[in-house]
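All remarks here apply to the structure that follows.
The values are calculated or read from the model by the stated rules, or taken from the named source; none is laboratory data. Just so we're clear, the structure is a prediction, and the values are computed from it rather than from any experiment. Note: ideal-geometry Cβ built from the backbone for every residue, glycine included; neighbour counts use all protein chains shown. Keep in mind that these areas ignore ligands, DNA and RNA; they rest on the heavy atoms of the full protein, side chains included. Shrake-Rupley method; radii C 1.70, N 1.55, O 1.52, S 1.80 Å.
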Amino acid sequence: MCGISGIIGSKNISGQLLNSIRNLEYRGYDSCGMALNNGKGISVKKNVGFVDDVERKEGLSRMGGKMGIAHTRWATHGSVSQANTHPHLSCRGDFACVHNGIISNYRALRESLQKEGHKFLSETDTEVIPHLMEKNFESLKDVEKAFVATLRQLEGTFAIAMISIYEQDRIYCAKFESPLILGLGKDANYIGSDFNAFIEYTKTAVILDSGEYAIVTGDSFTVKESLGMEPVEKETINISWDVEMSKKGGYPHYMLKEIYEQPQAIVNAMGVDREKIREIAEAMARSERTYLLGVGTTFYVAKYGQYCFSDISGCFLPSISSDEFTNLAEVDEKTTVLALSQSGETYDTLSAVRFAKERGAKIAVVVNVIGSSLSRLADYTVLQGSGPEICVISTKAAVSQMVILTRLAAEFACARGKINESQRDEIEKNLLQLPETIQRMLNEKSGFIHTLAHKYSHIKNWLYLGRGIYYPVALESALKMKEVSYVHAEGMPGGFLKHGTIAMIDSEHYAVVFVPPKEDKKLFDLTMGSIEEIKARKGFVLGFYFNSLDMNNDLFDERITLPSINAVSAPFLQLVAAQLFAYFTATALKRNIDKPRSLAKSVTVA
Ligand code: F6R
């Protein structure tokens, strides 16, 4: 996820442009830059770091020009470096581009442009755009025609803004899936990834649709459709959001926004190259032992992974909380450690990995932050590509890691000869259905979950129960409840209940039970057994279950019914619903949602 911006006006716009990317910084903040046409040509300034760091280093706001584009980056293609920072230029510096999204055919385009003599300065997919512009302009001698010809050569999902030296009074921009909008001001017009780009200057906006491009001047704009170059009538809208809220894209909290970004995070996790997954799975399959590591939420994700490996391959790969790893694990050169970390900077996980590395273990990591310390220690790195997770409470990064672990488990099972390739493909096919089903569930169920959470927000203690792979779901769901609402919630295996805790159950006791799909008969029957035990003692049961269940509803005091789907996807749906339940409980209790007390996004101390 990156932020793009463009401004064209009657006065120098560099200060406004800088402010614009400052307001887009939550979309990506590893590096940023600006390109302005100052009447003599295009000047570019860019560097790594937060927007304010780059301003200090480069003096972005002191650049001259009435037309410019800018970008704040969350690296996907290529490391965090000045060369990879946008904007990117054509060989002669006559076209400059910024881009958000992924150009999936960039390798082929790059190779053929290189054969024709184009020199590339970065590792990004973006850089093909200015080079294609240069090439197409040479033959078509018309910027608009060259822009459309370039768009037609690009595949993937992207939003682009582009300036040239040939037309000093207009910015071109285009949208294919990735967000892009126009802002119409008094003295200037604007382009942005979202309203934050210009909400301080204008609240009048035009939303571009996928497949459209726009030509924006200081006092006009034209939208056309990319294939036929036919003009499109656009409606203007008035933005009623305040500046602070719009940074969260209209959501009251980053947590809710990030919960809603989970379908996209899953799409991105499914986009991780199969070769990369296979390489790690094969290294694990060759090892004598593999440990799955993480701490907090990522430990629960590791535990989910443990069940996945066991369910799919029949192999036992223990999960260990990173902070306890050195007290437990036997490590040598026949060991592989698979460490999970959203930030890649968590002290407990870093020190466990260092401990293993010193003893000769192979290190594989799944991280969300490119260039993080953990990935620098690793032999193999999977970048999960979930985009910035700003809320201190992890949601989308965890769900994305669960997807990657499921894919790894399937590939591992293949490498060990426990399943064949078509069984692996079936698992991936099931995962591919997830984004749409989760989106539907979010759309259909969040109102109901909101009501339910508010109704029970006075409850001081919850017991969260699950069996098999639903046990880590219970653990992680309970953690969400604790950390965002400060309400006590204890996660436990359903079978464990009768070994002590059951003494607490009476009519004052509240339990959440994660019921597996009925097709998973053994786990389902055992889970129903736990519910019976609670009901026999007059305890309260909130069931998270699937709508294929034709069951005795009297067992539940309340229920959240989830869309019926395959077994691979069931834990994901339950976890996302439980995230919402925790979030709405916390809003009812008026908690500090995005920055709960005593927490930090990345815990870098022992
Ligand atoms: C909970 C949460 C924490 C982190 C933990 C590890 O919502 O965010 O429990 O999961 O601090 O952080 P990472 O994944 O960055 O290593």
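Against the conditions (1) farther than 26 Å from Leu408 by Cβ; (2) among the hydrophobic types (A, V, I, L, M, F, W, C); (3) open to solvent by less than 10 Å² (accessible area, probe 1.4 Å); (4) touching a Ser or Thr at 6+ places or on another chain (Cβ under 6 Å), where does Ile560 fall short? Just the number, please.
(4)
What are the residues in the stretch 28-49 that are open to solvent by less than 20 Å² (accessible area, probe 1.4 Å) and either of a type outside the set (Gly, Ala, Ser) or more than 30 Å from the chain's Cα centre (by Cα) (or both), if any?
Cys32, Met34, Leu36, Asn37, Gly41
Cβ-Cβ below 7 Å, separation at least six or inter-chain, first residue in the stretch 344-369 and over 29 Å from Arg27 (Cβ atoms) and not assigned by TED's automatic domain parsing to the domain that holds Asp323, second open to solvent by 10 Å² or more (accessible area, probe 1.4 Å) and part of a helix (DSSP H, G or I): which pairs?
As it stands, the answer is none, since no pair meets every condition given.
Of the residues in the stretch 214-229, how many are part of a loop (DSSP other than H, G, I, E, B) and more than 19 Å from Gln168 (Cα to Cα)?
So the answer is 4.
Among the candidates Phe221, Phe195, which residue alone is in the same structural domain as Phe95 (by TED's automatic domain parsing), modelled with pLDDT of 95 or more and not acidic (Asp, Glu)?
Step by step, each of Phe221, Phe195 is checked, and only Phe221 is in the same structural domain as Phe95 (by TED's automatic domain parsing), modelled with pLDDT of 95 or more and not acidic (Asp, Glu).
Say we look at the stretch 322-340 and pick out the residues that are part of a loop (DSSP other than H, G, I, E, B) and in contact with a helix residue (DSSP H, G or I) (Cβ under 8 Å, 6 or more places away or on another chain); which of these is farthest from the ligand (Cβ to nearest atom)?
So the residue we want is Val331.
Any residue in the stretch 553-579 that is without any contact (Cβ under 8 Å) to a residue 12 or more places away in the chain and outside the structural domain of Ala398 (by TED's automatic domain parsing) sitting within a Cβ distance under 8 Å of a residue that is among the charged types (D, E, K, R) and buried (at least 18 other Cβ atoms within 10 Å of the Cβ)? List the pairs, counting only those 6 or more apart or interchain.
Going by the 8 Å Cβ cut-off, the qualifying pairs are Asn553/Arg559.
From the list Cys97, Cys91, which residue is over 19 Å from the mean Cα position of the chain (by Cα) and open to solvent by 10 Å² or more (accessible area, probe 1.4 Å)?
Details: Cys97 fails: open to solvent by 10 Å² or more (accessible area, probe 1.4 Å).
Exactly one of Cys97, Cys91 is over 19 Å from the mean Cα position of the chain (by Cα) and open to solvent by 10 Å² or more (accessible area, probe 1.4 Å), namely Cys91.
Only helices (runs of 4 or more DSSP H) wholly contained in the stretch 341-452 count here; list those with 2 or more residues that are more than 16 Å from the ligand (Cβ to nearest atom) and surrounded by fewer than 24 Cβ atoms within 10 Å (Cβ to Cβ).
In the stretch 341-452, 347-358, 396-415, 421-432 are the helices (runs of 4 or more DSSP H) which contain 2 or more residues that are more than 16 Å from the ligand (Cβ to nearest atom) and surrounded by fewer than 24 Cβ atoms within 10 Å (Cβ to Cβ).
Any residue at all in the stretch 249-257 that is in a loop (DSSP other than H, G, I, E, B), within 16 Å of the ligand (Cβ to nearest atom) and surrounded by 20 or more Cβ atoms within 10 Å (Cβ to Cβ)?
Checking the stretch 249-257: at least one residue is in a loop (DSSP other than H, G, I, E, B), within 16 Å of the ligand (Cβ to nearest atom) and surrounded by 20 or more Cβ atoms within 10 Å (Cβ to Cβ).
Name the residue that is modelled with the lowest pLDDT, counting only residues in the stretch 10-24 that are small (Gly, Ala, Ser) and surrounded by fewer than 22 Cβ atoms within 10 Å (Cβ to Cβ).
Ser10
List every residue pair whose Cβ atoms lie under 7 Å apart, where the two residues are 6 or more positions apart in sequence or sit on different chains, the first residue falls within the stretch 296-311 and is part of a helix (DSSP H, G or I), and the second residue, located anywhere, is modelled with pLDDT under 95 and within 16 Å of the ligand (Cβ to nearest atom).
Thr298/Gln342
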